[in-house]
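See below for the structure under consideration.
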Amino acid sequence: MRSNAFHLAWFLQGSSVQAWGERWTGNISEEWMVPDLFLELARSMDRACFDYMLLEDTSYVGEAYGNSRDIYLKYGMSVPRQDPSVVASLMIAATSRLGIVPTLATYSYPPYLVARLLGTLDQVSLGRAGWNMVTGSSDFVAMNFGRDRLPEHDTRYDMADEYIDIVTRLWDSWEPDSMIADRESGILIDPKKVHAINYEGKYYSCRGPLNSGPLPQGRAVIAQAGGSPRGRRFAAQHADTVVAHVKGVDAMKAYRDDIRRMMRELGRDPSTCKVLYLIAPILADTEEEARNRAAQRAAAAGRNLDVRLAQLAKITNIDFSSFDLDAPVGELTTNGHQQSLAEFLRKAGKRTLREAITDYTSSGLSVDLVGTPESVAAQMGEVMEEVGGDGFLFSLPNVSRRTIAEVTDGLVPALQQRGLTRKSYAHKQFRDNLLEF
Ligand SMILES: Cc1cc2nc3c(=O)[nH]c(=O)nc-3n(C[C@H](O)[C@H](O)[C@H](O)COP(=O)(O)O)c2cc1C
């Protein structure tokens, strides 16, 4: 691989109806329950040698906008959502090298269950399981799990520190050579190599050991997306890969530098965590056609301000339906996604809410990429060169067989020809491929 090679991943907006109302989506509203499209996407990514597929998830129906579920249900915003671990196992069966990263939230699964579920996924995939580690951001989700509200933002990360400690100790509760399988003595497992963890924390406790056995990777790959100061510290401590939610080359570079600095402070080698940035390239046969498509997309966005405000409301818990669209956005705070709100406010500046929301994308795209596969591949190379690494995560608002092919069969070969992304996997296991360069 060339020294400036980078990683690719995909951020799939849940196991759900994708791109409702968009063209080229076939009969997705009837066929979404059986995840053929997602499996085709996973197979295409495997062929294009992506590092991983991240399956976004939340387990509640949005209600923050206008104190109502209406807009979220009407326009299929983050709903319906299937449990990602089921779809993750189907994706594992459909692929050979791709890392599969379901989102499993600390508020909805006890740590033992997460350790066991991911341990099992790692086993059945022979070392390709990952975990998008999220702490939750809405009180509506807390109410689905028997609580009135979520704990305060930073406390959630303190709890997650403990949670992840339990999960990793459970994964470590089987020494790698604990399965002897000695036919002569008749002993399958060496009891001296399987240990209780006897964890008594402030928030969680767990006895252990795990009953599902050792993981091929030892530990599943850990992904993390929270970008507040506390979120970044958490990532620097635990993550193998970070989904950065920032716009522009300078902010991208600063984010990565920050994570790497904190990793050094914590005694970790910064090259062991890969920071990936969200993109949604608009690709076409000619530059002109691509620009036309981008203009159409921008025009459609301008007509959908309510939907955009509802998206921002969902992740910040701020009810924008009661705000004056023509007044400056002003100062806002949240117990939800702090980094996403900070990024929105930074870009809004002194503009009105109407102006700011018009060019807001909830997916937090890092750079705008519009052009032919060749020109976009060149732009991606230049951006990565400036940022210093480590790759991109596709987050398309219009996932369809057409847009998947544009990326995996149009853009990726153009990247490969430039030596910017891999043409074959060097390893069988997810983390080994992630750390290859
Ligand atoms: C790109 C991106 C993807 C995320 N995916 C999920 C998800 O699938 N499920 C979830 O509950 N939270 C998700 N989150 C929320 C984060 O895990 C985190 O809770 C949130 O960003 C707040 O963290 P912060 O305040 O530290 O920025 C995502 C955030 C970002 C930026």
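Quick notes
- Pro216 more than 30 Å from Leu150 (Cα to Cα) and not in a helix (DSSP H, G or I): yes
- Segment 247-279, residues that are open to solvent by less than 10 Å² (accessible area, probe 1.4 Å) and β-branched (Val, Ile, Thr): Ile259, Val275, Ile279
- Members of segment 186-207 that are in contact (Cβ under 8 Å) with a residue 40 or more places away in the chain and either within 22 Å of Thr272 (Cα to Cα) or part of a loop (DSSP other than H, G, I, E, B) (or both): Lys202, Tyr203, Tyr204
- Qualifying residue in segment 104-124 (condition: within 16 Å of the ligand (Cβ to nearest atom) and in a strand (DSSP E or B)): yes
- Test result for Pro209, touching a Pro at 6+ places or on another chain (Cβ under 7 Å), more than 16 Å from the ligand (Cβ to nearest atom) and open to solvent by less than 60 Å² (accessible area, probe 1.4 Å): no
- Matching entry among Val383, Val367, Val399, Val387 (being within 16 Å of the ligand (Cβ to nearest atom) and more than 27 Å from Ser15 (Cβ to Cβ)): Val367
- Candidates Gly14, Gly21 - the one that is surrounded by fewer than 17 Cβ atoms within 10 Å (Cβ to Cβ), over 30 Å from Pro176 (Cα atoms) and of a type outside the set (A, V, I, L, M, F, W, C): Gly21
- Qualifying residue in segment 379-386 (condition: among the aliphatic types (A, V, I, L, M), out of contact with any Gly (no Cβ under 9 Å at 6 or more places or on another chain), surrounded by fewer than 21 Cβ atoms within 10 Å (Cβ to Cβ) and at pLDDT 95 or above): yes
- Selection within segment 52-74: residues that are of a type in the set (D, E, K, R) and in a helix (DSSP H, G or I). The member of this set that is farthest from Arg422 (Cα to Cα) is Asp70.
- Qualifying residues in segment 133-147 (those that are open to solvent by 10 Å² or more (accessible area, probe 1.4 Å), within 12 Å of the ligand (Cβ to nearest atom) and of a type outside the set (A, V, I, L, M)) - the one farthest from Gln13 (Cα to Cα): Phe140
- Every test in (1) open to solvent by less than 30 Å² (accessible area, probe 1.4 Å); (2) of a type in the set (Gly, Ala, Ser); (3) outside any helix (DSSP H, G or I) is passed by Ala42 save one, and that test is (3).
- So Val101, is it within 18 Å of the chain's Cα centre (by Cα), surrounded by fewer than 16 Cβ atoms within 10 Å (Cβ to Cβ), more than 20 Å from Ser400 (Cβ to Cβ) and within 16 Å of the ligand (Cβ to nearest atom): no
- Filtered residues of segment 105-124 (kept if open to solvent by less than 30 Å² (accessible area, probe 1.4 Å), more than 13 Å from Pro84 (Cα to Cα) and in contact (Cβ under 8 Å) with a residue 60 or more places away in the chain): Pro111, Ala115, Gly119, Asp122
- When Ala290 is tested against (1) within 25 Å of Thr403 (Cα to Cα); (2) part of a helix (DSSP H, G or I); (3) open to solvent by 30 Å² or more (accessible area, probe 1.4 Å), just one condition goes unmet, and that condition is (3).
- Breaking point among (1) over 30 Å from Ile100 (Cβ atoms); (2) crowded, with 20+ Cβ neighbours inside 10 Å, for Asp390: (1)
- Of the residues Thr103, Thr155, the single one that is of a type in the set (Ser, Thr, Tyr), out of contact with any helix residue (DSSP H, G or I) (no Cβ under 9 Å at 6 or more places or on another chain) and under 28 Å from Asn335 (Cα atoms) is Thr155.
- Any hit, segment 212-225, residues being at pLDDT 95 or above, farther than 20 Å from His7 by Cα and among the hydroxyl-bearing types (Ser, Thr, Tyr): yes
- Residues in segment 263-287 that are under 28 Å from Tyr360 (Cβ atoms) and part of a helix (DSSP H, G or I): Glu287 alone.
- Verdict on Val194 being open to solvent by less than 40 Å² (accessible area, probe 1.4 Å) and within 16 Å of the ligand (Cβ to nearest atom): no
- Exactly one residue among Gln311, Gln237 is within 16 Å of the ligand (Cβ to nearest atom), open to solvent by 60 Å² or more (accessible area, probe 1.4 Å) and under 29 Å from Trp24 (Cα atoms), and that residue is Gln311.
- Subset of segment 216-233 [near the ligand (Cβ under 6 Å from one of its atoms) and crowded, with 21+ Cβ neighbours inside 10 Å]: Ala225, Gly226, Gly227, Gly231
- Among the residues making up segment 305-347, those that are farther than 26 Å from Gly76 by Cα and either at pLDDT below 90 or out of contact with any Gly (no Cβ under 9 Å at 6 or more places or on another chain) (or both) are Asp326, Ala327, Gly330, Glu331, Leu332, Thr333, Arg346, Lys347.
- Every condition in (1) modelled with pLDDT of 95 or more; (2) within 30 Å of Arg402 (Cα to Cα) holds for Thr272 except the one numbered (2).
The values are calculated or read from the model by the stated rules, or taken from the named source; none is laboratory data. Bear in mind the structure is a predicted one, so any value in this text is a computation, not a measurement. Cβ atoms come from the backbone with ideal geometry, glycine included; neighbour counts cover every protein chain shown. Each accessible area value is taken on the protein alone, full model and side chains, heavy atoms only, with ligands, DNA and RNA left out. Shrake-Rupley method; radii C 1.70, N 1.55, O 1.52, S 1.80 Å.
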